Amino acid sequence: CLAFACCAVAAAFGGELGVACLCATSIFMSMMYPTIFALALASVDAEDKEVGSSLVVMAIVGGAVAPPVMGAVSDASVITRAYWVPAGCFFFISLYAAGVALQPCLRECAKRSTFG
């Protein structure tokens with residue numbers, strides 16, 4: 001969520017504030033992958049963890065797709081507008097985090113709403 005906010009500020013304002021926000025984005029990115037990896041494997045059965053971890057590692061498509069898209073946006077316009085590409089990626093990561101955080105609450109609400 002903070003990485004999304006920092007990229008959005010960098011894209012919207014640029015300048016020295018944008019540079020500071022991009023540096024902060026790097027700090028937030030450093031803790032994203034290990035957290036996503038652990039959360040993704042937390043609900044996987046023990047015998048499936050090897051395959052699950054392989055799939056999580058192979059699913060790192062953003063590192064191959066987002067930079068060329070960002071470069072194309074930058075070439076077509078300006079670099080500050082191109083920072084909306086990683087902001088969009090971070091937005092979807094924020095949605096994943098919200099889904100993981102809300103999962104126990106949603107399960108409890110579903111249990112309460114069922115009859116019988």
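The values are calculated or read from the model by the stated rules, or taken from the named source; none is laboratory data. No experiment lies behind these values; they were computed from the predicted model shown. No Cβ is skipped: glycine too gets one built from the backbone with ideal geometry, and neighbour counts run over all protein chains shown. With ligands, DNA and RNA removed, areas are computed over all heavy atoms of the protein, side chains included. Shrake-Rupley method; radii C 1.70, N 1.55, O 1.52, S 1.80 Å.
Looking at F90, F4, F37, F28, just one residue is open to solvent by less than 50 Å² (accessible area, probe 1.4 Å) and of a type in the set (A, V, I, L, M, F, W, C), and that residue is F90. Annotation: V65 fulfils all but one of (1) closer than 24 Å to A101 by Cα; (2) surrounded by 10 or more Cβ atoms within 10 Å (Cβ to Cβ); the unmet one is (1). Filter the stretch 13-46 down to residues that are at pLDDT below 90 and β-branched (V, I, T), then give me how many there are. Residues flagged as at pLDDT below 90 and β-branched (V, I, T) within the stretch 13-46 amount to 3.
Filtering the stretch 29-82 to residues that are outside any helix (DSSP H, G or I) and under 23 Å from A12 (Cβ atoms) leaves S77, V78. Counting residues in the stretch 99-106 that are at pLDDT 80 or above and open to solvent by less than 70 Å² (accessible area, probe 1.4 Å) gives one or more.
In a residue-by-residue description of the stretch 104-115, the property of being touching a residue at least 24 places away in the same chain (Cβ under 8 Å) and part of a helix (DSSP H, G or I) applies to no position.
Note on the stretch 10-25: residues that are assigned to a helix (DSSP H, G or I) and open to solvent by less than 40 Å² (accessible area, probe 1.4 Å) total 6.
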